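The values are calculated or read from the model by the stated rules, or taken from the named source; none is laboratory data. Because the structure is a prediction, the values reported are computed rather than measured. Counting neighbours? That spans all protein chains shown, and the Cβs are built from the backbone with ideal geometry, glycine included.
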Amino acid sequence: MSRAPIAAFRGLGVAVPSQVVTNDDLSKSLDTSDQWIVERTGIRERRVARADESLTQLTTEASRMALARAGMSAAELDAIVVATVTPDRRMPSQACDLQAALGANRAAAFDIIAACPGFVFAAGVAEGLIASGSYKNVLILGAERLSTITDWQDRSTAVLFGDGAGAAVLTPATGDGRGILSTYLKSDGRLAELLYIPAGGGMNPLTAENVNDRGQYMKMAGREVFKAAVRAMGEACDEALRRAGVTAEEIELFVPHQANLRIIEATAKHSNIPMSKVMVNVERYGNTSAASIPLALAQAEEEGRLKPGMLILLVAFGAGFTWGATVVRW
Ligand code: ACO
């Protein structure tokens, strides 16, 4: 059953590190090739933060852009929700460091860990905060420095990931029809070991031994993740469309998580959405996890493919496993 939107997107902002790492660059230190990476993933290059480029810097830049576009000052924010698996430090949250950098002194600030669909989860959290009536202006971010948890000696994962940050301001819907029409969020923790980091948590703290075994980096069963991603993203699209009471044919722009061109194509095919309506920029940034959807949205806006009032579908899948989709009247 469709319903009137509660929360609407008001401004987008993005930031990526300046350093571009191409497939050929990776081929110098890994047994891989531009041809293999392009054929299997669609990725041509990614951004990698330098050691002194923090996630706080990237999220601050993205947030300032989003706030400017929303015509809002940081002091007007009621909440900041950062979706990330790569905060600058384990305590306090990335959101608190961002809050301090922005001077958003009225806001409640906290992180959520939902991996690649983090931006979709954050939008759902923001919608809930706004629905409560106690919060009006909510800044959400999907932001990652995946380069810090990528094993640069493992060709099966190193070629896939990149760094970046995306931000959006959400405010109460104004009754013009624009806003979030449906949200579908799902997880299955039983499949955690297919994509995870073995060491560094409370149960397996970092030691010289597990660092030597490279346990601080992401481990992934690529083929299993691929299959699960296609299945779950298809299901999420179906459910978000059903909840919004709209059909796939009505979707004007489809913005899937940018992990792998083959996953994107399979998901679009499942939902009967032609590739002409699909936003793809995986070739430029690789998989930036929670940042991937806002980076794709911002590029679509820049290219004139995303305009106010358009009906769009966002979908993502990632570690957890977690997955989710949302239908938005932009
Ligand atoms: N360069 C060259 N060869 C490689 C590389 C590489 N970078 N990586 C793996 N290979 C080799 C393998 O060793 C294997 O060789 P073998 O046949 O001699 O054993 C061969 O290529 C095929 O490997 P597969 O893993 O079966 O290749 P596949 O076609 O499944 O592609 C990939 C691998 C790209 C990782 C794919 O499984 C995938 O994209 N999975 C989803 C991963 C993902 O996106 N995870 C991110 C989080 S979840 C999400 O965001 C959706």
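Do we have residue 284 as surrounded by fewer than 18 Cβ atoms within 10 Å (Cβ to Cβ), closer than 30 Å to residue 20 by Cα and out of contact with any Ser or Thr (no Cβ under 8 Å at 6 or more places or on another chain) here?
no
Only residues in segment 183-200 that are surrounded by fewer than 16 Cβ atoms within 10 Å (Cβ to Cβ) and part of a strand (DSSP E or B) count as the first member; pair them with residues that are modelled with pLDDT of 95 or more and among the hydrophobic types (A, V, I, L, M, F, W, C), Cβ under 8 angstrom, at least 6 apart or cross-chain, and list the lot.
196/218; 196/319
Just checking: which of the strands (runs of 3 or more DSSP E) contained wholly in segment 1-113 hold 1 or more residues that are surrounded by 23 or more Cβ atoms within 10 Å (Cβ to Cβ), charged (D, E, K, R) and within 16 Å of the ligand (Cβ to nearest atom)? Step through it out loud before you land on a result.
Working: elements: 7-15, 20-22, 45-47, 79-83, 108-112.
In segment 1-113, 45-47 are the strands (runs of 3 or more DSSP E) which contain 1 or more residues that are surrounded by 23 or more Cβ atoms within 10 Å (Cβ to Cβ), charged (D, E, K, R) and within 16 Å of the ligand (Cβ to nearest atom).
Could you please find all residues in segment 201-228 being in a helix (DSSP H, G or I), touching a residue at least 40 places away in the same chain (Cβ under 8 Å) and charged (D, E, K, R)?
If the condition is that a residue be in a helix (DSSP H, G or I), touching a residue at least 40 places away in the same chain (Cβ under 8 Å) and charged (D, E, K, R), then no residue fits.
I need the full set of residues from segment 45-56 which are closer than 19 Å to residue 161 by Cβ and of a type in the set (S, T, N, Q), in order please.
Matches in segment 45-56: 54 only.
If you check 169, 120, which single one turns out to be part of a strand (DSSP E or B), in contact (Cβ under 8 Å) with a residue 12 or more places away in the chain and within 20 Å of the chain's Cα centre (by Cα)? Explain how you work it out, then say what you get.
Values: 120 fails: part of a strand (DSSP E or B).
Just one listed residue meets the conditions, 169.
What residue, of 179, 222, 215, is more than 16 Å from the ligand (Cβ to nearest atom), touching a Leu at 6+ places or on another chain (Cβ under 9 Å) and within 26 Å of residue 47 (Cα to Cα)? Walk me through it before giving the result.
Numbers: 179 fails: within 26 Å of residue 47 (Cα to Cα); 222 fails: more than 16 Å from the ligand (Cβ to nearest atom).
From the options 179, 222, 215, the qualifying one is 215.
Would you confirm whether or not segment 148-169 contains a residue that is basic (Lys, Arg), buried (at least 21 other Cβ atoms within 10 Å of the Cβ) and within 16 Å of the ligand (Cβ to nearest atom)? Walk me through how you get there before you give the answer.
Here is the first cut: in segment 148-169, the residues basic (Lys, Arg) are 155.
From the residues that got through so far, the ones that are buried (at least 21 other Cβ atoms within 10 Å of the Cβ) too are none.
No, segment 148-169 contains no residue that is basic (Lys, Arg), buried (at least 21 other Cβ atoms within 10 Å of the Cβ) and within 16 Å of the ligand (Cβ to nearest atom).
If I go through segment 123-147 residue by residue, how many of them are assigned to a loop (DSSP other than H, G, I, E, B) and either surrounded by fewer than 17 Cβ atoms within 10 Å (Cβ to Cβ) or out of contact with any Leu (no Cβ under 6 Å at 6 or more places or on another chain) (or both)?
4
I'm trying to understand the selection: among the residues of segment 120-147, which are within 16 Å of the ligand (Cβ to nearest atom) and either of a type in the set (Ser, Thr, Tyr) or outside the structural domain of residue 29 (by TED's automatic domain parsing) (or both)?
Listed by number, the list holds a single entry, 147.
Do we find that residue 61 is in contact with a strand residue (DSSP E or B) (Cβ under 8 Å, 6 or more places away or on another chain), charged (D, E, K, R), under 24 Å from residue 149 (Cα atoms) and assigned by TED's automatic domain parsing to the domain that holds residue 25 in this structure?
Values: in contact with a strand residue (DSSP E or B) (Cβ under 8 Å, 6 or more places away or on another chain): yes; charged (D, E, K, R): yes; under 24 Å from residue 149 (Cα atoms): yes; assigned by TED's automatic domain parsing to the domain that holds residue 25: yes.
Spelling it out, residue 61 is indeed in contact with a strand residue (DSSP E or B) (Cβ under 8 Å, 6 or more places away or on another chain), charged (D, E, K, R), under 24 Å from residue 149 (Cα atoms) and assigned by TED's automatic domain parsing to the domain that holds residue 25.
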